[in-house]
Amino acid sequence: MSEQQEPIIQVRDLHVSIKMDEGTLTPVRGVSFDIRPGETLGLVGESGCGKSLTSKAIMGINEKKCHSDGEILFRGDGGQVIDLLKLDPRGKPIRAIRGKQISMIFQEPMVAFSPMYTIGNQINECTMLHITRDKKESKAITLEMMKKVGIANAEKRYDQYPHEFSGGMLQRALIAMALVCKPRLLIADEPTTALDVTIQAQILELMQQLQKELGMAILFITHDLGTVAKMCDRVAVMYLGRIVETGTAREIYKYPRHPYTRGLMGSVHKIGSRKLDRLYSIEGTVPLALNLKPGCGFYDRCDARVEGTCDQAEPDLYCLEGTHCAACVHCRKEEKAK
Amino acid sequence: MSEHENQAVLDKKALRAQKKAEKARKKEEKYYLASQWQLMARKLGRHKLARISLVILGFLYFVALFGDFLAPYSLTDYDANSKDLPPSAIHFSHDGKYVGPFIYRTEKQTVKMSVAEKSAAQRAAKERGEQYVPPTNIVTDETTPLRIRWFVHGASYKILGIFESDLHLFGVEGSAKVFLFGADSMGRDLFSRIILGSQVSLTIPFAGTMISFVLGLLIGSVSGYFGGWIDNVIQRIIEVLNSLPSLPLWMALSAAIPAGIPPVQMYLLITVILSLISWTGLARVVRGKFMSLKNEDYVMAAKLAGVSDMKIILKHMVPGFMSYLIVNLTLGIPSMIIGETSMSFLGLGIQAPATSWGVLLKEAQDVSSIAMHPWCLIPLFFVVLTVLAFNFLGDGMRDAADPYK
Amino acid sequence: MGQYILKRVLTFIPILLIMSLVIFFIIQLPPGDYLTSYVAGLKAEGQIVDESELDSLKERYGLDQPWFTQYFKWMWNIITRFDFGYSFKFEAPVWSTIASVLPMTIVVSLVTMLFNYLVGIPIGIYSAVHQYSIGDYCFTFIGFIGMAIPNFLFAILLMYGTYIWTGTAFIGLYTSEVLVGLQQGTMQWWEVLGRGDFWGRMAIPIIVIGTSGTCGTLRSMRAQMLDELGRNYVLCARAKGVSERRIVYKYCLRAALNPTVSGLSGVLSHIFNGSTISAIVMNLQLVGPMLYEALKAQDMYLAGTILLVMGFLIVLGTLLSDILLACLDPRIRFSGRRAE
């Protein structure tokens, strides 16, 4: 991939906190990553680790009670760098970026469309907002994109309502809606979790193909490691609101360093494994990100914990070979040795 | 301290710590194992308005329960010299001396007039087209303080309908009467009447709700369970009942109550009339829930496991929407209270000698009587308070019953 | 769509028939009938009773026959001759008796309904969009109070208030001049609508009758809007770069209106409830007081017809709301039934 190119988006030390009666909940605690044009970054983690909140923070569409801190530097069309967090989340400047420069595919296509309007109307709204005010031209662009994502009979489908679509077709429509303005960054928040396996594969292929055509960057959020291996150039593993390991997909798959990543890898079913082998499962549950104890967030569930070290302070991200980094005390020695 | 003792202390400490940990674990376990109802109660407790409402309603029902004891006078006590008296002023010191709470005897007395004056006034009233009412003055005798006493003997009644008693929480010495909320046009104590009226006003909606609960559950489940033409017929009937405005229908039904039947029967009939119309909403909900739950996976699973139909309904389906039903019932109570009040106000509901808040409000029928005796609006305060409390409670319960909140 | 409407209209007829049966059953419940007690009263006073006229009335409405025979006669006369029976109390055919109050009742109901929606919906939207703001708290509080105060007492309080502030007591919908005109037939009801003083007098009744319904609409609108604002498609629309305003009005409002529209018949029956009792208290020339009189005097055909007309109007409202709903929600249009 193009290492030299300037990253299209740089997330620096992102915190998302929610004020509640019981205290402040901080589901995202200091997340940083870059994505370059044409690159796909996979953000992996179990449910509730803060993946979705991170992606929504980039879009600026988190609920009002969520407060985001840090920097989200976005390189616009003309090369100017904008901190998205500084923009008013309801204001005009960010609305011009949303949908046009950065767009998002949501998890459940069935509820991402309003049941009250036709699919065509809802996709076309995006075109009308960002590309052209001319109705005919805009419809033509919309129809073209609908055909591109593989919606057969697009002219007829244009005037149909969401309840007349199947799940897979709706996801295609959702992708069409996200891509109709040819965004430079696409955030895909578990785009295939709600779909059948066969349709999943089709949708993933479609996304890859469109990425090649449009040259956009993708932030791919999922908890499915198989999908990550297929789609992503680089991977960031999230646990309890922090990135615990990053690196290229190859690095992470071949040599997972963080105990959590290793656990994740162990819990994937592999073809060829014997029936009698039990799937590995990580013990315990994710603690609530409310009034956290000091020390590593994975401490209680880790089988390689070092008492007296791991429960004192949260480990930094230590860099190993290449781009591979992991936030575990066991990696500190290696970094020093290097 | 010997080694041995030291060890014992340490052991004790360890044991205590262990017990503490055990307790904490149990508490946590309790949280996770709490039943649906316990969770609901906990959430309801956190809802501030609902909590306050619950306390208020508890207080009102308590007062109604022991109304005969708490009210200083009975329903039939009246005093011709106390018509439309304003609320009694409670004093504490007489002639600069503290004597505790007391009142002065206050009465209405006809103004003494000469024959000529009287006939002139009569003529003037006739010219205005009004009936002649002899002018009265309110006279207060400030010479003797009449102490308010606790636990006095008065009109007899039965506690909870069982034990005979004539004890009242408070009363005044001598033959004078204390009117905390003023007196009505017949010289009856409004305070006592509000308390005694609450026994009707607060229980009718409750009893009515119970009846409509049974009707709604029964008819709704029959409709939802059998489906087909039975369902069709029931649905049409519900549609018809829903298409009729409730108040006119209540009026028509209560017009059929023969005049002069005993109060208990009248009470029952009014209750039945109120609930005859309000079961429809509940039946719809029950039917809808039945229809949707029938296809739910867990019901299917129970069926496959060989559980009998009756058991599926009672063990798996009804608990699934019970909380929903109770919320619905609570939210239905206010309209019954208002319905009873409106009908009694119109003279189509509860009738004298029995009383309810609606009957008391009859005194506030026109602007001039409110202007002259504003205290006749006090029952309104209690109606609004009760309705609001039920509304807030229902709202809180709805939030508590919602598992997604 | 056309088929859907036709289907709804067809279900309209059996409902009306069942309704008329239920109503007739209820109004004949009180023992005895008006004629018998009327004749007894006349005879007691020693007056001469025209037996032949009584007999013809009895024969015409089948008064000495079982109630379902009476019902069939009544229905038959309505369907074939548009004859709703005879009002014994007002000594005139029922239809001409209620014709003097019915138009104004419908006018007041419609205006109240307008008031209900024009006030309830915008405030509901405002409350939902500005949830937990001071304005929201105020409106929620007013909404609760408005629902808790019984109509008739609200009427008295308002009348008392205007009496204190303006010094004039509120008396009925019409000025005495109009009232006389209407009674003598020199004036028609639609002429009244053109008078400014009429609309001024209408304000209090509309507020009285409409408040509790408006508060209900407000609360349900707020709840629905909050529900819709929390849906995923809102997030999706935001991600497209759609403005908040447009999200609220294009997406949420249309979906949130759905239950409000389907509650139209409920609002109408609420208005009839309110107008019945408030009209009695405020002495308005509407059908409410007439129904009250009729019920007290056992004037069964008059009472029955008034109930029937109210029911008919509410069923008509249901029909309208069904059609409106089908226009609003494509899912209903296709599946052909209401989403419950």
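Just so you know, all these numbers are worked out from the coordinates, no wet-lab data involved. None of these values were measured; they are calculated from a predicted model. FYI the Cβ positions are ideal-geometry reconstructions off the backbone, even for glycines, and counts take in every protein chain you see.
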Review point. Can you give the FRET efficiency for residue C:184 and residue B:132, using 1/(1 + (r/R0)^6), R0 = 45 Å, r = Cβ-Cβ distance, to the nearest 0.05?
Key: 0.85
Practice item. Would you work out the charge dipole size for region B:250-405 about its Cα centre, treating the Cβ of every Lys and Arg as +1 and the Cβ of every Asp and Glu as -1, and quote it to the nearest 20 debye? Key: 560 debye
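Cut-off is 10 Å between beta-carbons; in what order do B:373, A:67, B:153 appear when sorted fewest neighbours first?
Working: B:373 20, A:67 14, B:153 11.
In increasing order of surrounding Cβ atoms, one gets B:153, A:67, B:373.
With a cap of 13 neighbouring Cβ atoms within 10 Å, and only residues DSSP puts in a loop, list the trypsin sites (Lys or Arg not before Pro) found in region A:130-192.
Numbers: sites: A:133, A:135, A:136, A:139, A:147, A:148, A:156, A:157, A:172, A:184; in loops: A:133, A:184.
Answer by residue number: A:133.
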Revision key, fill the gap. Distribution output for chain A: share of Cα-Cα pairs per 10 Å bin in percent, first bin at 0, values 5, 24, 32, 24, 11, 3, 0
Check your understanding: At q = 0.10, 0.11, 0.15 Å⁻¹, what base-10 log of I(q)/I(0) does the Debye formula yield for chain C when every alpha carbon is treated as an equal point scatterer in vacuo?
Key -> -0.76, -0.89, -1.30
Practice item. Can you find, among C:218, A:181, C:287, the residue farthest towards the positive end of the dipole of the protein assembly as shown? Put +1 on the C-beta of Lys and Arg, -1 on that of Asp and Glu. Key: A:181
Exercise for review: For region C:141-287, build the convex hull from the C-alpha positions and give me its volume per residue in Å³.
Suggested key: 151 Å³
Practice item. For each of B:123, C:331, count neighbouring Cβ atoms within 10 Å of the residue's Cβ, then give the residues from fewest to most. Key: B:123, C:331
Check your understanding: Using the Karplus equation 6.51 cos²θ - 1.76 cosθ + 1.60 (θ = phi - 60°), what ³J(HN,Hα) coupling, rounded to whole Hz, does each residue of region B:125-135 give in order, writing x for Gly and Pro?
Key -> 5, 5, 5, 6, x, 10, 7, 7, 10, x, x
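Taking the Cβ of residue B:186 as the center, what net charge do the other residues with Cβ under 11 Å away carry, scoring Lys and Arg +1 and Asp and Glu -1? Walk me through the intermediate numbers first.
Numbers: positive: B:83, B:188, B:193; negative: B:77, B:79, B:84, B:184, B:189, B:363.
Net charge around residue B:186: -3.
Give me D for chain B in µm² s⁻¹, whole number, from Stokes-Einstein with Rh from the Kirkwood sum over alpha-carbon pairs, 20 °C and 1.002 mPa s. If you can, show how the numbers build up before the last one.
On the way: Rh = 26.2 Å.
Translational D for this selection: 82 µm²/s.
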**Study point:** Tilt relative to chain C, helix C:67-81 - C-alpha long axis, 0 to 90 degrees, to 10
**Key:** 80 degrees
Study note, to complete from the structure: residue C:10 and residue B:49 label points (each 7 Å along its Cα→Cβ direction) are spaced in nm at 4.6 nm
Check your understanding: Using 0.36 nm per residue, how much length does the chain from residue B:18 to residue B:78 gain when fully extended, once their Cα-Cα distance is taken away?
Key -> 14.6 nm
Exercise for review: Give the relative contact order (percent, whole number) for chain A; include only Cα pairs under 8 Å separated by 6+ residues.
Suggested key: 19 percent
Revision key, fill the gap. Taking the reciprocal of mean 1/r across every pair of different Cα atoms in region B:119-246, the Kirkwood radius in Å is 21.3 Å
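What ratio of Cα Rg to 2.2 N^0.38 Å holds for region C:265-323?
Values: Rg = 12.3 Å, N = 59, 2.2 N^0.38 = 10.4 Å.
Normalised by 2.2 N^0.38 Å, the Cα Rg of region C:265-323 equals 1.19.
Residue separation times 0.36 nm, minus the C-alpha to C-alpha distance between residue B:152 and residue B:89: what's the value? Numbers along the way, then the final one.
On the way: separation 63, 0.36 × 63 = 22.68 nm, distance 2.00 nm.
Full-extension gain reported as 20.7 nm.
More than 20 angstrom separation, counting every C-alpha pair in region A:1-106; what % is that?
Tail fraction, whole percent: 40.
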Practice item. State the dimensionless ratio Rg/Rh of the protein assembly as shown (Rg: radius of gyration of Cα atoms; Rh: Kirkwood radius). Key: 1.06
**Study point:** Principal axes of region A:71-222: Cα extent on each, largest first, Å
**Key:** 41, 36, 28
Practice item. Find the centroid of the Cα atoms in region C:122-158 and in region B:74-142, then give the distance between the two in whole Å. Key: 41 Å
Point to revise | Relative contact order computed over region B:313-405 (Cα-Cα under 8 Å; 6+ residues apart), in percent | key: 35 percent
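What does the helix-only formula give at 222 nm for the protein assembly as shown: each DSSP H stretch with n ≥ 4 adding -39500 (n - 2.57), the total divided by the residues, and the result rounded to the nearest 500 deg cm²/dmol? Don't skip to the end; give the middle numbers.
Values: 44 runs with 611 residues, N = 1083.
Dividing the helical sum by the residues of the protein assembly as shown leaves -18000 deg cm²/dmol.
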Check your understanding: What is the helix-to-structure angle for B:246-255, meaning the angle in degrees between its Cα long axis and the longest Cα principal axis of chain B, kept from 0 to 90 and rounded to the nearest 10?
Key -> 60 degrees
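Over all alpha-carbon pairs in region A:111-170, figure out the percentage whose distance exceeds 15 Å. Kindly include the intermediate steps, with their values, before the conclusion.
Details: 791 of 1770 pairs.
The proportion of pairs with Cα distances above 15 Å equals 45 percent.
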Review point. Which residues' amide hydrogens lie under 5 Å from the amide hydrogen of residue B:148, considering only partners 5 or more residues apart or on another chain, with H built in the peptide plane?
Key: B:102, B:103
Study note, to complete from the structure: Amide H proximity to residue A:238 below 5 Å, modelled H, separation 5+ or other chain, gives A:44, A:45, A:244
Study note, to complete from the structure: In terms of the charge dipole of region A:153-280, which places +1 on Lys and Arg and -1 on Asp and Glu at the beta carbon, the residue among A:266, A:239, A:206 farthest towards the positive end is A:266
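Show me the three semi-axes of the equivalent ellipsoid for region B:40-123, from the C-alpha gyration tensor (sqrt of 5 times each eigenvalue), largest first, rounded to whole Å. Before the final figure, lay out each step's value.
Numbers: eigenvalues 422, 88, 40 Å².
They are 46, 21, 14 Å, listed from largest to smallest.
Could you give the Stokes-Einstein D for region C:1-121 in µm² per second, using the C-alpha Kirkwood radius, 4 °C, 1.567 mPa s?
73 µm²/s
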Check your understanding: Separation of region B:153-205 and region A:85-129 by C-alpha centroid, Å?
Key -> 67 Å
Review point. Once phi is turned into ³J(HN,Hα) by the Karplus curve 6.51 cos²θ - 1.76 cosθ + 1.60 with θ = phi - 60°, what whole-Hz value does each residue of region C:253-263 show in order, with x for glycine and proline?
Key: 4, 4, 6, 6, 5, 3, x, 5, 5, 6, x
Practice item. In whole Hz, with x marking every Gly and Pro, tabulate ³J(HN,Hα) for region C:18-25 from phi via Karplus 6.51 cos²θ - 1.76 cosθ + 1.60, θ = phi - 60°. Key: 4, 4, 5, 5, 4, 4, 5, 4
Check your understanding: Can you work out the FRET efficiency for the pair residue B:166 and residue C:137, with r the C-beta to C-beta distance and R0 = 30 Å, to the nearest 0.05?
Key -> 0.05
Point to revise | Degrees, to the nearest 10: C:134-148 long Cα axis against longest axis of chain C | key: 20 degrees
Review point. Given B:248, B:276, A:27, which one lies farthest toward the positive end of the charge dipole of the protein assembly as shown, if we put +1 on the Cβ of every Lys and Arg and -1 on the Cβ of every Asp and Glu?
Key: A:27
Point to revise | residue B:61 paired with residue A:6, simple spin-label distance in nm, labels 7 Å along Cα-to-beta-carbon | key: 7.0 nm
Revision key, fill the gap. Taking C:43, A:56 and counting other beta carbon atoms within 10 angstrom, the fewest-first order is C:43, A:56
Practice item. Determine the shielding of peptide B:386-398 by partner chains: average, over its residues, the number of Cβ atoms on other chains within 10 angstrom of each Cβ. Key: 2
Exercise for review: Just grab the label-to-label distance for residue A:196 and residue A:155, each label 7 Å out from Cα along the Cβ direction, in nm (one decimal).
Suggested key: 2.9 nm
Exercise for review: Enumerate the lysines that residue C:296 could reach by cross-link, defined here as Cα to Cα under 27 Å, with residues fewer than 8 away along the same chain left out.
Suggested key: B:362, C:43, C:58, C:73, C:89
Check your understanding: Once amide H atoms are placed 1.01 Å from N in the peptide plane, what residues at a sequence separation of 5 or more from residue A:32, or on another chain, have their amide H within under 5 Å of its amide H?
Key -> A:13, A:14, A:243
Practice item. Summarise the partner chain shielding of C:153-162 as one whole number: the mean count of Cβ atoms from other chains within 10 Å of each residue's Cβ. Key: 4
Review point. For region A:176-236, what percent of Cα pairs sit more than 14 Å apart?
Key: 55 percent
Check your understanding: Based on the Kirkwood radius over alpha-carbon pairs, what is the Stokes-Einstein translational diffusion coefficient of region B:308-402 at 25 °C with 0.890 mPa s viscosity, in µm²/s?
Key -> 156 µm²/s
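How high is the relative contact order of chain B, in percent, counting Cα pairs under 8 Å that sit 6 or more residues apart?
Numbers: 520 pairs, mean separation 81.4, N = 405.
Worked out over chain B, it gives 20 percent.
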Check your understanding: What pairs from A:182/A:230; A:92/A:156; A:136/C:240; A:56/B:315; B:12/B:48 go past 31 Å between their alpha carbons?
Key -> A:92/A:156; A:56/B:315; B:12/B:48
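Measure up A:147/A:212; A:19/A:51; B:83/B:112; B:294/C:7 against 21 Å on the Cα-Cα distance and list the ones that go over. Don't jump to the answer; show the numbers that get you there.
Numbers: A:147/A:212 17 Å; A:19/A:51 19 Å; B:83/B:112 18 Å; B:294/C:7 28 Å.
Pairs exceeding 21 Å: B:294/C:7.
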